[in-house]
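Undergrad: Below is the structure I would like to discuss, written out as structure tokens.
Derivation of every value follows stated rules applied to the coordinates shown; laboratory data play no part. All figures in this text were calculated on a predicted structure; none of them were measured in a lab.
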Amino acid sequence: MIGKTGIFKLTTLFWLILAVPLLSGCVALLAGGTIGYMVSPDSVKADFDASYDRAYDASLDVAKAMIGTIDMSDKETGWIKSESEGNKVAIHIVKVTEKTVQVTVSARKYATPRVQFARNILANISKKLR
């Protein structure tokens with residue numbers, strides 16, 4: 001049986017293992033079909049257990065709902081782009097395997113990265129793919 005000291009050490013180790021990826025800006029998630037999640041200075045990216053068609057359609061639906069006007073959507077290349085009120089959003093869907101896709105979302109307003117807005121878009125795509 002583990003005593004109080006052992007539990008404290010395990011809890012501390014768990015939080016350290018969790019904190020390192022969070023503080024580095026890169027997080028691996030295993031929830032809702034999301035395989036991995038990465039953040040860069042101007043975009044967010046996640047891998048999903050979903051077909052290319054399903055991921056593209058979900059991304060297009062979310063883009064229409066959150067941004068409104070879609071300036072360009074090309075299912076062949078996987079790009080969805082929009083510009084509205086100074087906001088430029090680009091979503092790129094790439095087929096990794098038959099059952100896995102990678103979705104990258106970048107958002108900018110007047111050339112300034114809007115990573116939180118990109119995260120919100122990606123979170124809504126993730127919800128649609130559950």
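Undergrad: So if the hydrodynamic radius of region 39-78 is defined as the Kirkwood radius over C-alpha pairs, what does Stokes-Einstein give as its diffusion coefficient at 37 °C and 0.692 mPa s, in µm² per second?
TA: It comes out at roughly 284 µm²/s.
Undergrad: Two decimals, Cα atoms only, Kirkwood Rh: what is Rg/Rh over region 31-128?
TA: 0.94
Undergrad: In Å and on Cα atoms, what radius of gyration and Dmax does region 84-130 show?
TA: Both quantities, over Cα of region 84-130: 12.1, 37 Å.
Undergrad: Using Cα pairs under 8 angstrom and six or more residues apart, how large is the relative contact order of region 61-119, in percent?
TA: 21 percent
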